[in-house]
Structure formats: C-alpha cells, structure tokens
Amino acid sequence: MGKYSTKALLGATALATCLTMAPQAQAQGVAGPADAVVLEEIVVTGSRIPRAEIVSTSPIAATSQEQIRLDRALTVEDFSVKLPQLAGGVNATSAGSDAYGAQTLDLRNFGQNRTLVLINGTRAVPFSFRNAVDVNSIPAPLLKRVDVLTGGAAAVYGADAVAGVVNFVIDTEFEGYEAGATYEHAKDGGAQYGGYATAGGTIGDRGHIVGYLDYTRREVLRAGDRAFALDRPGLVPGAGGNFTDLASGRTFSFTDAGAFTLTPQTSNFTPDYILIQPMERYNASTFFDYELAEGVTAYGRGMFTNVQTTGSSRSGSQPVAVNEVVGIRQDNRFLPTEARNLLTFVNGVAQVRVNRSLGELGIITADTERNTYQTQLGFKGDLTGSTNWDVYAQYGRTEEETTVNGDAIRNNADGTSRFAAIANTVDIFGPGADLSTFGQSFQRDIRAREQFVTAATLAGTSADLFELPAGPLGFAVGYEYRDEKGTVAHDAALGLGLSYRQGTELPVSGSFSSNEFYGEVLVPLLADMDFIKELNVEAAYRTSDYSNAGRFDTNKLASTWVVDDNIRFRGSRQKVIRAPNIGEFAAPTSSIPFANLVTVARLNPRYAGDPCTLGTGNAEQCRRFNAPAAGSYNSRDAANLRGSYFFGGNPDIKPERGVTYTAGTVLTPDLLDGFTATVDWYQIKLKDAVGQIQPIDALTSCYITNPVADNPLCAAVTRDPTTGFILNGFPVDRNLGVIEQKGLDISVSYTIDLSESALGERLRLAYQGNIVTKYTIQRNEVLQPVDCKGTYGFACSSDAVSLVAADYRHRVSAAWDVGMVTAQLGWQRIGGLRDSAAGSTGRIGAKDYFDLALSVKPLETLTVNLGVDNVFKTDPPTPTNAGSFNTYPDTYNIIGRTIGISATLRY
C-alpha cells in the first residue's frame, strides 16, 4: 500500500451514549436526559473544537449501535435505506450503472458526489471518479454509531460536504471477544448471511488494539422471481431469428422453440435479468492507540475490504442482437427447405437481412472485484492543560476490475462482419447456435483510485491564558493537504468501439491536490443569566487552493442560545464549495450507441422521442432544422437511432458554490422526563451545479418551449443530414444550473420509565422525519426551474442516479424492554409522489413499511436478534415512466418480506 494515514478521531467519543433511550438515535446532537454522561471533553461531528457537552450548532441525526444490531445489519445498506435524510444513491439493485454493486449515499437528493463520507471523522477513500464512496467497505457490525450531519460542512471538512456529512464512527475502544452470525431469508432469492469476529484489549498498560474480521454473502435475486419486474417486458429481436430476403421482401422467422413461422418474432429475456446483485465480501480491520511517552500517543487504523459482485454492464443486460445483411449460400446445410424456398439466390448467394438476438451468449453481465485499502497513522498529545495537538497522515486506495460477459466483437481486423463470416458455418436458423468461438469477454473499468491526506490541528480553549465572563474561548486551527489520483483502463477493443454493446470507452487518468488552512472559534458571549443560560457564537473559515480549480474560501457562522435546561435554539449560515472531481474535469469523451436510450431501461428517461415526428414540436423550428414530417418515422425504434450518445468530462468546469442556512430548537422539558424533541429548518442553494443536458431536455427546449434559431440547447442533439433522423447526443459535463431545497428535519424521542410498574423496564418511542417544503432544479439558464418537490423520474434527479425526491419521509419506532427481552416495532413511510415528466399526470401513492424486531439475551454473554422486515409485504409501485424493472428500486423495497436471525456471543 505504500503510505500510511492518521487522523484525530473526530467524533470517536462524541455522542458516546447519545440517545440510548431510543433504539434509533434521534436527538441530533443532544443526549437524552436520562442517559446523558458527563464527559470532560467531547469532539462533535461537524466541529474540531472539543466540547464540554454533547451539542451541535448543526442538525445531527445519530443511529446507534443498538439500532444497527436490531436491524441485523450485515451491510451499511441494510439500515441506511431507512434513514429519512438519505435518498436512493446506487445500491444492490442498480442496473446498468458503472458502480457495479457498490452502495453510495445521497443526502437530500443532492447527489452522491455532494455527500462527504467520513470514517471516524476523516475522509473515506472513494472508488469512483465522481468521489462516491462504496460504503460496503465499512463493516456494519463494528459501528459504534453513524452521524448524519445535514446542512453543509465545507468550512470544517472541505470540498464535497455540500449537502452534508455521514460520519461512520467505529468502536475503537472495544474490549474482550465477540463473534456474531446473521442470516436473512427472502422468498425465491436475495438471501444474505455472514459472520464476524472482533477482539480488543490493552497493550500493556499504555495502549489499546482492536481487530476485526467478517464475511458476508448475498444471493442473487432475478427479475423472474418478482411479478412486478415482468409487467412490461423488454422485448428484443427473436432468439430464433427474423430473416428478410432483400430481393423479394419475403420474410420468415423462428420461434424460441425453433419452429418455422412467417410471423416476426420477439424474445423476452427479462426473467433472467439480475434484480438484486449477488455479493461476496471480506473485511479485515485493526485499530490501535499507544502512549509513546507522557502526553504523546500514537494511533492509527488499517482496513481492507474485498467485494465481488455480478450485475449488468453499463449498457444493460439485454443480449447482443444483430441487424445486418449477410450472404446466405444456397448450399448452406443448416437452411431449412421452407426457408430456402423464400430466398432469391444470385450466383448461389441470397442477400438476407438477419435480425436476431444472440441469446446463446447469455444476457450481458459484469463481474466486478473491488479491493479497498485504508490506512492511518497519527500522533496526538496535550500541549497544555487546555490545548492539544494532533498530526496524522492517511492513505486509501481502491482497485477495481470488471469483466463483461455475453458480448462479442463486431468486425474482423479487415473490417468485415464477424457474424457474416459464420452465417454459413453455424446454424443461425432458430435458437441454439454454437457461438462458443464468437462471444468474447472484455475487461473494462480497470480502475485505481488513490487518496492521500495529511493534516495538523491545534485545538482547545483559552483557559490557560484568559477567560471571558461567560467562559474560555474554544478554538481549532490547522492545515490539511490532500492528493487525489485515478486511472481507468479498458480492453483495446472497447477503446476502438468494436464490441456490440459496450460503446467506445477511452482510458482516464487524472489527479489534483489541495492545500487548505482552516480555523474555528467558539465564543461564549453570555452565561448564567435570566433566560440566557448560555449564548455562544461559533465561526469557521477555510481557504483552499485546488490545483485543478484555483483558490476558494468557505466559512461558517453559527450560534447557540440555551435558554435553560428545557430549551435551546441554534442556527447557522455556511458557505459551501465543491471542486470538480476527476470524472468531471479529466474524463475524455466516450460514447454508447444512442439506441441504448430506448433499449436500456435505466436510460429510457433520457430520451422521449423526436418532438417533430411526434407532432409536439414547433413546425417552423422543425423545418429550420430539417426534421422529418410528423408521423414519418418511429423515433423510438432502436433501428432508426444509428448515432451515438457522447459523454465525458470538461476541463473548463468550475467549482460549484452555494450557501446553506439552518435554524432550529431543541426541547428537553424538565416536566417530561426522558423527552427530547428537535425541529430544524434548512435551506440549501447551490449555483453552477455540474450536470448534463440530456436529449429529452435539449429537444424539449429546442422544439417546444423555446423554439428559436439561436437556442444553444439545439446543438446538444444533432440530426442525420440525409434523413433528418435523430443522430447524436452530447450530454457532457457543464456548470449548468441551480439546485435549491428548503425543508424541516424533525426528531422526537421519549423514554418512559416502567421500572416502578409490572410492565417492564422502559418504553422507548422515537420519530425521525424529513419534510421538504421547496425543491427546484434549473438545469440551464434557458430552461425554467423544475418544481421537484415530491416527484419521481429523471427530470428531478440531480445526478441521474437517485430518481425519487419525496417531500416526506419518516421512521418511527417503539421499543419495549422487559427483562432480557427487547421488542421493537418500526414504521418507515415514503410520501406520495407525482411524475416529474412534463405533461404527465402519473402518481405514486405513499408507501408504508413495517418491521418487527425481537432481541433476547438468555445469557449474559449471548444476544439473539429475530426480525421480520416489510411485515405486510408491501409491493413496490409500478407507475408510468418508471425506472428499472417497472419501479424505482433505488428507493422502494423490491425484495419483499424478509425474515432474519442473528446471534452475538461476547466475552
């Protein structure tokens, strides 16, 4: 691995017992009164200043270790999908994505590239050029808690923390031995199981070390095992073949069973498509700290994850299809007599158009292996009684290789068709052709992603020098250097665009670095007065010099007013920035066939047809650009889309810049012991947002909403100069638009002490909800902002990944502790939605999912968790304009009811 890294564990002790009164930590930075622990010094996610109590000026939703275990989580995905602040991101169901089985996080629908993922307060290494992190590399059973900080944190953590931060806090203080195993059963596929072992103890009397190993396996679930995925089958040319004699126009076909027919045939391979990708994962981690001398401690971590998945390639799962003219010889021994009689032979050869799926090669799959390494080494200590220092370096690397199976090369070295070359030596008339020498696997997306970070921080208070009347100043100052590198390579055939389905993929190599200085200050203004127990002001500033973007500054101004023990108010304003990532500024222009936009379900929302042919376009504008007459051709037929869809980076991209505001209150009333409630309002407005003008937007603007000759979006989709048919699309990355969202985060928890009754020890009630009051996306200044509040579909996706923008989500839980038993009922709700496509009246009703969990501790050392997720087997919606598999698997439960059991043995 070459380098090592370290970092003060921001948050390693923060919220250490936060919300143990509720099975899902909900207090957003405030401990429950019944369970609060007094700590001398606590570091809170979202700040580098040590605190004397668990508070934050930004909203923080924490998920506790107890809740993660009640969810029987083998992977982060198992519980993160239930958090209301998180949108879909890519996950195990993402068909045709280059994430290949990864799980990414997307806060507030702002995109996975605008959500910063931390491990113990320091950056996790990304796997993609879009800076997304595969959280499958983080061991869920070892988590102490997960903090979700929403509202931006660029001044504290740097670029990418636009929508917020997700901080995975590892239990680095584990003592003893623990082993666990989990099994989750789902009907007809998709089961997952795994086990882990953890050991932790002291190193003499001067240090501590934790070691961890785990293994996880998830079984495949295919579309054929779920009825909703088959409702609208994706039909492809018949696997037996359709044949047209060019001279006479006579046609014949063969059915999937091999029977000769005069009726054109299609085939349906949808049942074989992968709905939930199988995964096999190995984790190995170690964490340590050791006192080198009085006041000086070394600490660090080493983490390794190997993940293997099988899914669809970027071009989708459909098998290779040929649609070309070949010469069929009269003496072809495989040609049936009834077919021979329909052909016109000239000099013993008939020219025949063959339209046929090569089902014999199988559906197209992508087998991916991803290795993630993360190392850290640091030193920290006390400079004075109230000031400490921390210096660390960390290095992470992700290595990934994907093998695409089921595809083939189109042409021989001399440019002749490889299929035409075998048309008379292989039986292509009917299914079952021997194509063993025709198909070929390709190595693509051979990625290496590296990240090196080193930083030094001085933090503490002014107590050694002075104190204000309300107390000492808190401060943190430091320097951070970050270096990011990435390369991607493919088989040479993909670089030349020689495959049937993979398009043209060019190699990528990019890097950038940043030098950043940061500082924070916490000023206590007033204390111990009537109606003002505390009044604090907090400020942060960071100046960042990016090698690929220049110098930019971010800042934060926040305040906390503690009225008394019952109520506090908090608010903040933060300037945020996101520098271009490697994929945005360094990726070359690659392409896929434009026809993929109608044959690959994931890509369907990007193109809705030619407005001029559909009759919806402005007639004068259609004539101006030489478009065909209305109804003259089928612009959604793949055979008529012969061009390419070009995509890639843009060296001229500038950083995104924005401002976030939050304002909220925290209630902990003395009259209601065990009750905590928080309400936080937020606003995020991002300008110069990087995005792409997709063909559907460009065509709508050019021919319908703004049909003028100089509309710049008209150039984003070109036409064939001879036929006028749609030809090429150019959705390359650009600084395009404005994304704005406003809303409320609400959290309520109530612990009722039952110890004086015969009803058990306690009842714990918790609610966490997100209400979006405004969400708009303006993709370009010539386009009107789109109202995206409570919508589904591509038009309201900020990153073309998360496709559902619900305006209401919640998770509610009720847990009852009785002796050695804890029983919990959970309720997740996703609000009703409308179709974001222009002119559509499509709707999705609210969806409710109920979970049951039972934790039993028959022995002091043994805990058994039982549970049922999606108790009532709520089916996913299947609206018009749906995403993959007739629904939106990035958001809705597609596996159905699952039953699980886990056991943990600890000594």
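The values are calculated or read from the model by the stated rules, or taken from the named source; none is laboratory data. Owing to the predicted nature of the structure, the values given are computational and were not obtained by experimental measurement. Here the Cβ positions follow ideal geometry from the backbone for every residue, glycine too, while neighbour counts run over all protein chains shown.
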Q | Cβ-Cβ under 6 Å pairs, at least 6 apart or on other chains, segment 156-173 side in contact (Cβ under 8 Å) with a residue 12 or more places away in the chain and on the phi > 0 side of the Ramachandran plot, far side aliphatic (A, V, I, L, M) and surrounded by 24 or more Cβ atoms within 10 Å (Cβ to Cβ) | A | Asp160/Leu116; Gly164/Leu107; Gly164/Leu149
(Q) When the residues of segment 176-204 are narrowed to those that are more than 25 Å from the chain's Cα centre (by Cα) and not in a strand (DSSP E or B), which ends up farthest from Arg657 (Cα to Cα)? (A) Gly204
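So that you can scan it fast, the table gives a plain yes or no per residue for (1) under 33 Å from the mean Cα position of the chain (by Cα); (2) farther than 18 Å from Arg779 by Cβ:
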{"position": "Arg636", "(1), (2)": "yes, yes"}
{"position": "Tyr661", "(1), (2)": "yes, yes"}
{"position": "Leu671", "(1), (2)": "no, yes"}
{"position": "Tyr682", "(1), (2)": "yes, yes"}
{"position": "Leu686", "(1), (2)": "yes, no"}
{"position": "Ile696", "(1), (2)": "yes, no"}
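Which of the helices (runs of 4 or more DSSP H) contained wholly in segment 56-175 include at least 2 residues that are touching a strand residue (DSSP E or B) at 6+ places or on another chain (Cβ under 6 Å) and either of a type in the set (Val, Ile, Thr) or under 25 Å from Ser902 (Cα atoms) (or both)? Can you show your working first?
Numbers: elements: 65-70, 77-80, 154-157.
In segment 56-175, 65-70 are the helices (runs of 4 or more DSSP H) which contain 2 or more residues that are touching a strand residue (DSSP E or B) at 6+ places or on another chain (Cβ under 6 Å) and either of a type in the set (Val, Ile, Thr) or under 25 Å from Ser902 (Cα atoms) (or both).
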Q: Confirm whether Gly460 is in contact (Cβ under 8 Å) with a residue 60 or more places away in the chain, crowded, with 20+ Cβ neighbours inside 10 Å and under 30 Å from Ile532 (Cβ atoms).
A: yes
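Per-residue answers, yes or no, for (1) assigned to a strand (DSSP E or B); (2) touching a Ser or Thr at 6+ places or on another chain (Cβ under 9 Å); (3) of a type in the set (Ser, Thr, Tyr):
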site: Tyr518; (1), (2), (3): yes, yes, yes
site: Asp528; (1), (2), (3): yes, no, no
site: Arg542; (1), (2), (3): yes, yes, no
site: Asp553; (1), (2), (3): yes, yes, no
site: Arg573; (1), (2), (3): yes, yes, no
Q.
Kindly evaluate Lys774 against the criterion of being surrounded by fewer than 17 Cβ atoms within 10 Å (Cβ to Cβ) and either out of contact with any Asp or Glu (no Cβ under 6 Å at 6 or more places or on another chain) or in a strand (DSSP E or B) (or both).
A. yes
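Search segment 216-236 for residues being touching a Lys or Arg at 6+ places or on another chain (Cβ under 9 Å) and surrounded by 17 or more Cβ atoms within 10 Å (Cβ to Cβ), and hand back the single one that is nearest to Arg301 (Cα to Cα).
Applying the first criterion (touching a Lys or Arg at 6+ places or on another chain (Cβ under 9 Å)) to segment 216-236 yields 216-218, 225, 229.
Within this subset, residues satisfying the condition of being surrounded by 17 or more Cβ atoms within 10 Å (Cβ to Cβ) are 216, 218, 225, 229.
Numbers: Thr216: 21, Arg218: 27, Asp225: 42, Ala229: 43 Å.
Within segment 216-236, the match that is nearest to Arg301 (Cα to Cα) is Thr216.
Would you call Thr457 assigned by the TED database to the domain that holds Pro126, in contact with a Ser or Thr (Cβ under 9 Å, 6 or more places away or on another chain), closer than 30 Å to Arg301 by Cβ and among the β-branched types (Val, Ile, Thr)?
Details: assigned by the TED database to the domain that holds Pro126: yes; in contact with a Ser or Thr (Cβ under 9 Å, 6 or more places away or on another chain): no; closer than 30 Å to Arg301 by Cβ: yes; among the β-branched types (Val, Ile, Thr): yes.
No; evaluated as a whole, the condition is false for this residue.
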Q) Restricting attention to segment 504-513, does a residue exist that is in contact with a Phe, Trp or Tyr (Cβ under 8 Å, 6 or more places away or on another chain), buried (at least 18 other Cβ atoms within 10 Å of the Cβ) and on the phi > 0 side of the Ramachandran plot? A) no
(Q) Given the criteria more than 34 Å from the chain's Cα centre (by Cα), of a type outside the set (Val, Ile, Thr) and under 28 Å from Ser312 (Cα atoms), does Asp445 qualify? (A) no
Q: Check whether at least one residue in segment 406-419 is closer than 18 Å to Gly241 by Cβ, outside any strand (DSSP E or B) and out of contact with any helix residue (DSSP H, G or I) (no Cβ under 8 Å at 6 or more places or on another chain), and report yes or no.
A: yes
Q) Within segment 682-703, is there a residue that is in contact with a strand residue (DSSP E or B) (Cβ under 7 Å, 6 or more places away or on another chain), surrounded by fewer than 23 Cβ atoms within 10 Å (Cβ to Cβ) and aromatic (Phe, Trp, Tyr)? A) no
**Q.** Which listed residue, of Ala339, Ala366, is part of a strand (DSSP E or B), out of contact with any helix residue (DSSP H, G or I) (no Cβ under 9 Å at 6 or more places or on another chain) and either hydrophobic (A, V, I, L, M, F, W, C) or free of Cβ contacts under 8 Å to residues at least 60 places away in the same chain (or both)
**A.** Ala366
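Would you mind finding the one in Asp565, Asp553 that is among the charged types (D, E, K, R) and out of contact with any strand residue (DSSP E or B) (no Cβ under 7 Å at 6 or more places or on another chain)? Show your work before the answer.
Values: Asp553 fails: out of contact with any strand residue (DSSP E or B) (no Cβ under 7 Å at 6 or more places or on another chain).
Exactly one of Asp565, Asp553 is among the charged types (D, E, K, R) and out of contact with any strand residue (DSSP E or B) (no Cβ under 7 Å at 6 or more places or on another chain), namely Asp565.
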Q | Pairs with Cβ under 8 Å, 6+ apart, first in segment 801-812 and outside the structural domain of Val679 (by the TED database) and over 18 Å from Gln768 (Cβ atoms), second surrounded by 24 or more Cβ atoms within 10 Å (Cβ to Cβ) and aliphatic (A, V, I, L, M) | A | none
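Regarding Lys847, is this residue surrounded by fewer than 16 Cβ atoms within 10 Å (Cβ to Cβ), within 26 Å of Ser749 (Cα to Cα) and either not acidic (Asp, Glu) or not assigned by the TED database to the domain that holds Ile752 (or both)? If you could, list the steps in order and put the result at the bottom.
Values: surrounded by fewer than 16 Cβ atoms within 10 Å (Cβ to Cβ): no; within 26 Å of Ser749 (Cα to Cα): yes; either not acidic (Asp, Glu) or not assigned by the TED database to the domain that holds Ile752 (or both): yes.
No, not satisfied.
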Q. Is at least one residue of segment 636-658 surrounded by fewer than 20 Cβ atoms within 10 Å (Cβ to Cβ), over 30 Å from Gly497 (Cβ atoms), free of Cβ contacts under 8 Å to residues at least 40 places away in the same chain and out of contact with any Gly (no Cβ under 6 Å at 6 or more places or on another chain)?
A. no
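Check Asp382, Asp414 and return the single one that is at pLDDT below 95, within 30 Å of Glu291 (Cβ to Cβ) and surrounded by fewer than 20 Cβ atoms within 10 Å (Cβ to Cβ). Walk me through how you get there before you give the answer.
Values: Asp414 fails: within 30 Å of Glu291 (Cβ to Cβ).
The unique qualifying residue is Asp382.
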**Q.** Subset of segment 463-479 (residues that are surrounded by fewer than 21 Cβ atoms within 10 Å (Cβ to Cβ) and either within 32 Å of the chain's Cα centre (by Cα) or outside any loop (DSSP other than H, G, I, E, B) (or both))
**A.** Leu468, Gly471, Phe475, Val477, Gly478, Tyr479
Q: May I ask you to list the residues in segment 647-664 that are β-branched (Val, Ile, Thr) and not in a strand (DSSP E or B)?
A: Ile653
Q: Identify, from the list Ser514, Ser441, the residue that is assigned to a strand (DSSP E or B) and farther than 30 Å from Asp367 by Cα.
A: Ser514
**Q.** Sole exception among (1) part of a strand (DSSP E or B); (2) hydrophobic (A, V, I, L, M, F, W, C); (3) buried (at least 16 other Cβ atoms within 10 Å of the Cβ) for Leu494, by number
**A.** (1)
